[in-house]
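**Q** Sharing a structure with you now.
The values are calculated or read from the model by the stated rules, or taken from the named source; none is laboratory data. Note that the structure is predicted; figures quoted are calculated from it, not measured. In this analysis, Cβ positions are derived from the backbone assuming ideal geometry, glycine residues included, and neighbour counts consider all displayed protein chains.
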Amino acid sequence: MIFADSLAIPRLPAPPPPAPADHRWALRLTLAGLLISVLTAFLTGNTYDLGDSINHYLFSRYAPAHPDNFFDSWAKPVFVLLTVLPSQAGFIGIKLFNCAVAALAAWQAYRVAAGLRLRWPWLAVLFVYCTPDYFRIQFSGLTEPLFSLLLVSGAALTVRNRATAAAIVLSFLPFVRSEGFLILAVWAVYLGLTRQWRVLPWLPFGYVVYSVAGAVVYRDLGWVFHRNAYETISHYGAGRWGHFVQQLPGILGWVLLGLFWLGMLAGVLNWLTARDAARPPAYRWAERLLVYGSVVTYLGAHTVFWALGLFASFGMTRVMDAMVPLMAVIALQGLVLLTSLAPEPRRATVAYVLAAAVLVFPLTGARTGFRWRTDFSRPAEQQLIEDVAAQLQPRTAGRLLLWDHPYWGIGLGIDPFDSTRHQLSNTWREDKPVPAGTLLLWDNWFSPTEARVSYGQLRQDARLRLVREDSVRRDARKPEKGYTRLAVFERR
């Protein structure tokens with residue numbers, strides 16, 4: 001039976017209509033998840049992180065005044081385009097945008113599961129919302145939720161026999177996150193093996209559109225690669241090969257992680273044995289290549305990038321949030337595998353007990369669940385910058401400011417892309433001239449890590465006068481996490 005259906009990969013047939021009960025439960029869970037997310041967005045002062053989350057928001061917030069932002073390689077053109085209007089409402093706008101994106105992604109995960117004829121497909125919605133880190137990342141300005149939506153939407157369209165629409169949607173993935181190029185390769189393999197030759201030319205559609213549009217701005221048709229923001233050899237160094245796999249509990253939580261690994265096992269067993277023979281081969285191949293293939297390719301790529309120190313990888317495990325809707329589908333397969341061990345009359349009961357465990361686990365206070373005090377409250381670092389910014393505000397008028405910590409842009413309310421008001425500390429490190437009275441706002445993370453400017457260098461520089469220093473513990477209950485330190489210098 002091994003590889004019995006591997007000589008040819010059939011195309012998917014016309015999609016069956018969804019079961020009304022499954023559809024109702026999926027809709028109820030999606031609306032409930034969206035409501036809880038929106039309420040949390042208004043109640044939490046947390047922004048997930050104070051780095052990339054803030055920078056992405058600032059790129060979108062100030063894009064109308066700086067059109068180049070719409071084509072910035074790091075900011076991601078499609079993300080900027082879709083978030084520019086929500087961002088005008090402030091950071092709450094981009095949080096609400098990501099809440100809507102997460103709800104659509106959860107719904108599309110259900111559509112994938114239903115399209116693949118999995119049992120209890122509506123549980124995919126629950127699994128998405130009960131993924132601790134995916135729930136948290138809704139309240140950020142990060143790109144992972146939008147990437148996950150486009151990816152799972154492409155899968156949902158494909159399993160519903162709308163491959164051309166899927167290819168067009170997926171073609172814009174590289175302009176949400178650069179890993180999209182890898183995902184396009186996975187889809188190209190699937191389309192080639194299913195002989196959908198007329199669909200293949202649509203995969204580069206997004207690249208063509210943005211290459212032409214960006215050429216008007218940069219006068220360079222190859223700007224997508226020529227202006228790539230990511231250095232080949234990362235200055236962040238490298239890490240362990242097993243880093244991302246070892247950190248998956250912090251993304252999924254232990255219960256969902258267990259179902260995910262069981263789902264991976266189910267994928268292998270379904271391929272090597274006849275246990276899944278009741279499903280037509282077309283569905284099995286779509287699942288193997290598009291769901292499992294995408295997750296394995298993405299996880300494998302980040303493992304290699306971090307282990308070898310490539311493409312500015314920093315080992316940030318939040319990148320795996322981009323795979324959560326597809327991982328939810330895999331976890332659903334794990335649940336189906338586990339329930340198959342029970343007698344048929346009891347399988348639904350077992351499934352609902354496991355689903356309840358997935359729901360409850362994030363609320364238990366476990367380290368891999370929700371950490372209420374740190375996940376949904378305003379960080380001390382954020383509050384410190386706001387307090388210092390309020391005191392500095394009267395003396396910033398008409399001055400150039402150098403800073404690296406992104407949150408200064410929000411705290412001071414200054415357009416960070418106006419080079420007459422703000423430049424990075426690289427300006428000072430590279431000994432570029434700045435006017436007297438320039439303020440340099442140093443912090444003990446972004447300044448040494450990104451700009452490579454140390455506190456010692458600035459203190460020993462006779463051209464600078466120390467104006468003030470401030471510090472706060474990052475976590476009052478965990479002294480080992482250290483302090484956030486700020487120092488304000490003035491150019492003599």
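Here's the yes/no breakdown for (1) assigned to a helix (DSSP H, G or I); (2) assigned by TED's automatic domain parsing to the domain that holds Pro145; (3) not small (Gly, Ala, Ser):
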residue: Gly33; (1), (2), (3): yes, yes, no
residue: Thr47; (1), (2), (3): no, yes, yes
residue: Ser73; (1), (2), (3): no, yes, no
residue: Val80; (1), (2), (3): yes, yes, yes
residue: Val84; (1), (2), (3): yes, yes, yes
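**Q** Could you pull out the residue among Pro406, Pro416, Pro379, Pro435 that is more than 22 Å from Glu450 (Cβ to Cβ) and not charged (D, E, K, R)?
**A** Just one listed residue meets the conditions, Pro435.
**Q** Please state which of the following conditions Ala106 fails to meet, knowing it meets all the rest: (1) surrounded by fewer than 17 Cβ atoms within 10 Å (Cβ to Cβ); (2) part of a helix (DSSP H, G or I).
**A** (1)
**Q** I'm told Ala100 meets every condition in (1) touching a Pro at 6+ places or on another chain (Cβ under 8 Å); (2) closer than 15 Å to Ser140 by Cα except one. Can you identify the failing condition by its number?
**A** Of the numbered conditions (1) touching a Pro at 6+ places or on another chain (Cβ under 8 Å); (2) closer than 15 Å to Ser140 by Cα, the odd one out for Ala100 is (1).
**Q** Further question: Name the one entry in Leu157, Leu142 that is within 30 Å of Gly93 (Cβ to Cβ) and not in a helix (DSSP H, G or I).
**A** Leu142
**Q** Search region 3-15 for residues that are more than 21 Å from Ala155 (Cβ to Cβ) and pair each with any residue that is at pLDDT below 75 and loosely packed, with under 15 Cβ neighbours inside 10 Å when their beta-carbon atoms are under 8 Å apart and the residues are at least 6 apart or on different chains.
**A** The qualifying pairs are Ala4/Ala274.
**Q** Applying the selection to region 428-454, what residues are under 19 Å from Gly482 (Cα atoms) and either assigned to a strand (DSSP E or B) or in contact with a strand residue (DSSP E or B) (Cβ under 6 Å, 6 or more places away or on another chain) (or both)?
**A** Hits for region 428-454 are Trp442, Asp443, Asn444.
**Q** Right, here's the next one. State all residues of region 55-65 that are part of a loop (DSSP other than H, G, I, E, B) and either surrounded by 21 or more Cβ atoms within 10 Å (Cβ to Cβ) or touching a His at 6+ places or on another chain (Cβ under 8 Å) (or both); if no residue qualifies, say none. Spell out how you get there, then give the answer.
**A** Within region 55-65, the subset part of a loop (DSSP other than H, G, I, E, B) is 62-65.
Across region 55-65, the qualifying residue is only Ala63.
**Q** Please verify whether region 453-472 includes one or more residues that are among the acidic types (Asp, Glu), within 32 Å of the chain's Cα centre (by Cα) and farther than 29 Å from Arg61 by Cα.
**A** Checked against the condition, which is being among the acidic types (Asp, Glu), within 32 Å of the chain's Cα centre (by Cα) and farther than 29 Å from Arg61 by Cα, region 453-472 yields no hits at all.
**Q** For region 335-427, list the helices (runs of 4 or more DSSP H) that sit wholly inside it and hold at least 1 residues that are surrounded by fewer than 15 Cβ atoms within 10 Å (Cβ to Cβ); which are they?
**A** Per the criteria, 344-360, 372-375, 380-392.
**Q** Which residue out of Lys76, Lys95 is of a type in the set (Lys, Arg), free of Cβ contacts under 8 Å to residues at least 60 places away in the same chain and touching a helix residue (DSSP H, G or I) at 6+ places or on another chain (Cβ under 9 Å)? Give the derivation first.
**A** On the way: Lys76 fails: free of Cβ contacts under 8 Å to residues at least 60 places away in the same chain.
Lys95 is the lone residue from the list that is of a type in the set (Lys, Arg), free of Cβ contacts under 8 Å to residues at least 60 places away in the same chain and touching a helix residue (DSSP H, G or I) at 6+ places or on another chain (Cβ under 9 Å).
**Q** Which of the residues belonging to region 144-173 are charged (D, E, K, R) and in contact with a Gly (Cβ under 8 Å, 6 or more places away or on another chain)?
**A** Correct list: Arg160 only.
**Q** Would you be able to tell me the number of residues in region 155-200 that are of a type in the set (D, E, K, R) and surrounded by fewer than 18 Cβ atoms within 10 Å (Cβ to Cβ)? So that I can check it myself, show each step before the final result.
**A** Taking region 155-200 as the starting set, the residues that turn out to be of a type in the set (D, E, K, R) are 160, 162, 177, 179, 195, 198.
Still in the running and surrounded by fewer than 18 Cβ atoms within 10 Å (Cβ to Cβ): 162, 195, 198.
Final tally of qualifying residues: 3.
**Q** Still on this model: Contact list please: Cβ distance under 9 Å, first residue in region 427-451 and farther than 15 Å from Asp404 by Cα, second residue part of a loop (DSSP other than H, G, I, E, B) and of a type in the set (Ser, Thr, Tyr), pairs at least six apart or on different chains.
**A** Partner pairs satisfying both residue conditions: none exist.
**Q** Picking from Asp52, Asp68, Asp72, which residue would you name as being among the acidic types (Asp, Glu) and surrounded by fewer than 17 Cβ atoms within 10 Å (Cβ to Cβ)?
**A** Criteria check complete, one pass: Asp68.
**Q** Residues that are within 24 Å of Tyr48 (Cα to Cα), buried (at least 23 other Cβ atoms within 10 Å of the Cβ), touching a residue at least 24 places away in the same chain (Cβ under 8 Å) and not acidic (Asp, Glu): does region 286-296 have at least one?
**A** Yes: one or more hits.
**Q** Just to be sure, is Trp25 part of a helix (DSSP H, G or I) and either within 23 Å of Glu231 (Cα to Cα) or touching a helix residue (DSSP H, G or I) at 6+ places or on another chain (Cβ under 9 Å) (or both)?
**A** When the stated conditions are applied, Trp25 passes them.
The rows are residues; the columns are (1) over 21 Å from the mean Cα position of the chain (by Cα); (2) modelled with pLDDT of 95 or more; (3) among the β-branched types (Val, Ile, Thr); (4) at negative phi.
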| site | (1), (2), (3), (4) |
| --- | --- |
| Arg219 | yes, no, no, no |
| Asn228 | no, no, no, yes |
| Leu259 | yes, yes, no, yes |
| Leu262 | yes, yes, no, yes |
| Asp276 | yes, no, no, yes |
